[in-house]
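Taking it in order: structure first as C-alpha cells, then the write-up.
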Amino acid sequence: MVLQESGEMYLETILILSQKSRFVRAIDIGEEMGFSRPSVSRAVHLLQEGQFIRIDADGSISLTDAGREIAEKIYERHTVLTKWLISLGVEAKIAASDACKIEHDISDESFAAVKRHIGTI
C-alpha cells in the first residue's frame, strides 16, 4: 500500500504524540491535526488496514515498524527543512509551514543534497 501525503501526516503526528505520551488515542490525533472524529476514524482504519499502525484493546494507537520508518523519514525531513529555511532567514512559523509542504514531495536525492549543503554551512 502506497501512502498519500495525508497518511504520512497522520503517521508523523502519531510519532510526535508518542514522544510526548505513552498512550496515543484517535482523539489526540484529531486535536493535534484539527480534524474531525470521522476523518480521523477513517484514516486510522486505513492505516491499520495497511499495517502501518496497531490499535490495542484499550484504544491506544502505536506505529508498526513499517509505520515508524515512514514517520521518522517524514519527521526528519520536516525538522531539517524547517531549520534550513530558518537559517536562510525565513520566519520560524512560515518555515515550518513550508517544510510541511515540501517534506512529502522532495525526492530522496534532493533531500540528501540539502542535508549535505546544511553540513557545509
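Output the residues belonging to region 51-91 that are of a type in the set (Gly, Ala, Ser) and at pLDDT 95 or above. Give the steps one after another, and end with the answer.
Within region 51-91, the first condition is being of a type in the set (Gly, Ala, Ser), and the residues that meet it are 57, 59-60, 62, 66-67, 71, 87, 89.
Listed by number, the residues that qualify are Ser60, Ser62, Ala66, Gly67, Ala71, Gly89.
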Considering only region 31-85, state which residues are surrounded by fewer than 20 Cβ atoms within 10 Å (Cβ to Cβ) and among the basic types (Lys, Arg). Arg37, Arg42, Arg54, Arg68, Lys73, Lys83
Testing Ile94 on (1) within 19 Å of Thr13 (Cβ to Cβ); (2) over 17 Å from the mean Cα position of the chain (by Cα); (3) modelled with pLDDT of 95 or more, one condition comes back false. Which one is that? (1)
Consider Leu3 against the criteria (1) under 26 Å from Glu109 (Cβ atoms); (2) assigned to a helix (DSSP H, G or I); (3) of a type outside the set (Phe, Trp, Tyr): it satisfies all of them except one. Which criterion is unmet? (2)
Here is a list of conditions, (1) over 24 Å from Leu17 (Cα atoms); (2) of a type in the set (Gly, Ala, Ser); (3) under 14 Å from the mean Cα position of the chain (by Cα), and Ala113 meets all of them except one; can you say which number that is? (3)
Please work out which one of (1) part of a helix (DSSP H, G or I); (2) at pLDDT below 95; (3) farther than 15 Å from Glu12 by Cα is the condition Cys100 fails and give its number. (3)
Pairs needed: first member in region 102-116, under 12 Å from Val80 (Cβ atoms); second member anywhere, of a type in the set (A, V, I, L, M) and assigned to a loop (DSSP other than H, G, I, E, B); C-beta distance under 8 Å; at least 6 residues apart or different chains. Val114/Ile106
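The values are calculated or read from the model by the stated rules, or taken from the named source; none is laboratory data. Keep in mind that this is a model prediction, so the values were computed, not measured. Glycine gets a Cβ as well: all are built from the backbone with ideal geometry, and neighbour counts include every protein chain shown.
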